[in-house]
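This report concerns only the one structure given below.
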Amino acid sequence: MNAPGTIERIAARHAGLAPSLGGGAAWARRRARSLDALVARGLPDRRDENWKYLDHARVAEYHFDAAPQAVVGPDELLPRLLPTAESRRVVLVDGRLDARLSDFAGTGGLEVLDIGQLLEQDPDGALALLRVPGEDADDRFALLADAFAASGVAIRVAPGAALRVPVCLVHVSTAATAAVHQARVVVEVGAGAKLTLVEHFVTLGAEAALGNLAGELAIGEQAEVVHLRLHEHAPAAAQVETWVARLAAGCRYDQHLLALGGRLLRSNLRLSLDGRAAACRLAGLFMADADRQVDLYTQVAHHGAATVTKQDYRGIAAGRGRGAFNGLIVVHPTARGADADQRSRNLLLSPLAEINARPQLEIHVDEVKCRHGATTGTLDEVQLFYLRSRGLDPAAARALLTFAFCQDMIGRLPLPELRAAAESLVAGALPDRELIRGLL
Amino acid sequence: MSDSGRMILEVRDLRVRAGERLILDGLSLAVRAGEVHAIMGPNGSGKSTLTGVLAGRPGYEVVSGSATYLGRDLLAMPPEERAREGLFLAFQYPVEIPGVNNVYLLKASLNALRKHRGEPELDAFEFLNLVRSRLTEMHMDESLLNRGVNEGFSGGEKKRNEILQMSLLQPTLALLDETDSGLDVDALREVAEGVNALRAPDRAIVLVTHYQRLLDHVVPDHVHVLAGGRIVTSGGRELALELDRRGYDWILEEAATA
């Protein structure tokens, strides 16, 4: 159930903010339509199939004011950036592109568009660029983003362009109040192009806001995209994201998600393998300790023949943490020869922790190769004894095994220079962080 | 080798149950400093239960009897304390731990023991030098250090890794549970060299084995035959040779009629 008044509060904030959001009459109409649809349907709640594990009361705690315009200095941000050997940088502060902190000019084949500017200068172009969200429950937070659409970024890679260095898209959250900031991200990768995109969510200051991101990704034929997504929010911060991805024939999409911070993360990914032999690999690792919540929903639709999904998600819950992995793979009648493999492995470290794993396969055609499996358990007693028999105390043995559970995923990260940073971030997110640091 | 060495391990009339089954049924054994004991026996005689109970493996119930290690009640100590006090078990089936770097475990283990003895932890440089010298002795490839513990190791590599750990930790009492099983001739000789290198007047070694071939390389002072959960006969090296020649049946028959 939506808490009473959430939608009313959203509508009231919209009435107050609408005149300042930009884009003229066309965008005023567009936002009003999205708001009307949202008001009519409400935010998703427990009764919606894919939303039953989320603590909706937590979402209702936010007051849906826009975050005040914050100024972030490079000195604050730079120490927080990932140690990529060399990269282009695109920085969104509370959903707005910050040109001063960004650094992407003069990169052949790369185009970066400020959606805020585009709304002012070319409202029709912005209308065409940004997807109109649907009304089903999984798209309602995207509707919310659309109703307040005012900022964000589009990243385009020209057909055939092979970007040599990664593009880092940094989402900075700053607001110290329970505000909500909206962001739009559009990533378009042309046919035959290559892109490594590192998305990094960080918090500066005493942040307590909810970030609501609506993202779109379109990958052209034979293109190759590596997408690393690192959520490293502060303990009070929250994030909801709705990604829609379309993959054309023969392309490769390799996503690595590390969900390590924030009090609430709800991540939706709807990915469509449209073209023949399009392939995606989805790797994920989440950690929910203290009273944190991580709720990951993925939906992969195989449309093209011989399309491939390899999904491997791991989750850890400790304390009173709650995690959910809900993954649906649908193989449509057109997807002959599809190959789908879905794994979910989860580790419970305390009696009050909870993980709901729900792998689902829906197959509408013969001649496909599909496997899935989910396990949720505690640490292995035989391994624990082995470590203790080597003199490690039980807490250290548990810490080492917990870290090992994550290490597998870190070892697969596509950018070797980020592995040490990821290792240290993961170690820092685990319950026995001091013990693990001592052991490494 | 002397019987006058201090008592390292004294097991008295030990009865141990695993689930409903009584596995050890009145086992007694005394191991003194400087000695190498071989415990031999047919499958199912309780060999692995004995080493498991002594090292603190969960899943056993001690019904009666005692095990005293360096004057302390061994069975009351948690496994990590046994290890820190110098007891080492080389596993029959070394456990694979993907994601735990072999070198992390070696370092954590060595430092846990040093800390317990009140010695400073080794810094990274000292530690690596020490490990490298042991690796060379064991004819092990350095690449094994940076793999997951036993992950994807061959049978021989796993056993060598156990001996590597042992030679690094320098235990007072080493229990080797069928360390010879599944080894080719070269690996067997190298494992035996590792064990022989540990022989010292202030340590003791207990080899648990089904076959006597390891004893060609590591010559024991005492040989015991374990059957039906107790030691049915003891002797010297010649007993192992006789077992190798005649099998276990005659011993079991003698024990049954005794």
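Per-structure values
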read-out	value
Checking residue A:289 against (1) closer than 21 Å to residue A:433 by Cβ; (2) touching a His at 6+ places or on another chain (Cβ under 9 Å); (3) not basic (Lys, Arg), the condition it does not meet	(2)
Extreme residue, most open to solvent (accessible area, probe 1.4 Å), among residues of the stretch A:344-355 that are in a strand (DSSP E or B) and touching a helix residue (DSSP H, G or I) at 6+ places or on another chain (Cβ under 9 Å)	A:345
Looking only at the stretch A:366-375, and only at residues there that are part of a loop (DSSP other than H, G, I, E, B) and not hydrophobic (A, V, I, L, M, F, W, C), the one that is most open to solvent (accessible area, probe 1.4 Å)	A:367
Residues located in the stretch B:208-223, provided they are crowded, with 21+ Cβ neighbours inside 10 Å and either over 19 Å from the mean Cα position of the chain (by Cα) or under 12 Å from residue B:40 (Cα atoms) (or both)	B:208, B:209, B:214, B:215, B:220, B:222, B:223
Of all residues in the stretch A:376-422 being open to solvent by 10 Å² or more (accessible area, probe 1.4 Å), more than 20 Å from residue A:433 (Cα to Cα) and of a type in the set (A, V, I, L, M), the one that is modelled with the lowest pLDDT	A:415
Total residues in the stretch A:324-339, condition surrounded by fewer than 24 Cβ atoms within 10 Å (Cβ to Cβ) and not β-branched (Val, Ile, Thr)	7
Those helices (runs of 4 or more DSSP H) lying entirely in the stretch A:1-97 with at least 2 residues over 27 Å from residue A:262 (Cα atoms) and of a type in the set (D, E, K, R)	A:24-41
From A:371, A:437, residue being more than 10 Å from chain B (Cβ to nearest Cβ) and over 26 Å from the mean Cα position of the chain (by Cα)	A:437
Among the residues listed as B:108, B:83, the single one being within 26 Å of residue A:401 (Cα to Cα), at pLDDT below 95, of a type in the set (Gly, Ala, Ser) and buried (at least 20 other Cβ atoms within 10 Å of the Cβ)	B:108
Every residue from the stretch A:417-433 that is within 14 Å of chain B (Cβ to nearest Cβ) and farther than 17 Å from residue A:231 by Cα	A:432
Residue among A:79, A:19 that alone is without any contact (Cβ under 8 Å) to a residue 12 or more places away in the chain, open to solvent by 30 Å² or more (accessible area, probe 1.4 Å) and farther than 22 Å from residue A:205 by Cβ	A:19
In the stretch A:198-213, the residues that are open to solvent by less than 10 Å² (accessible area, probe 1.4 Å) and closer than 23 Å to residue A:150 by Cα	A:199, A:200, A:201, A:202, A:203, A:207, A:209, A:210, A:211, A:212, A:213
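The values are calculated or read from the model by the stated rules, or taken from the named source; none is laboratory data. Quick caveat: nothing in here was measured; it's all calculated off a predicted structure. A quick note on method: Cβ atoms are made from the backbone with ideal geometry, for glycine too, and the neighbour counts reach across all protein chains shown. Side chains are part of the model used for accessible areas, which takes the heavy atoms of the whole protein and leaves out ligands, DNA and RNA. Shrake-Rupley method; radii C 1.70, N 1.55, O 1.52, S 1.80 Å.
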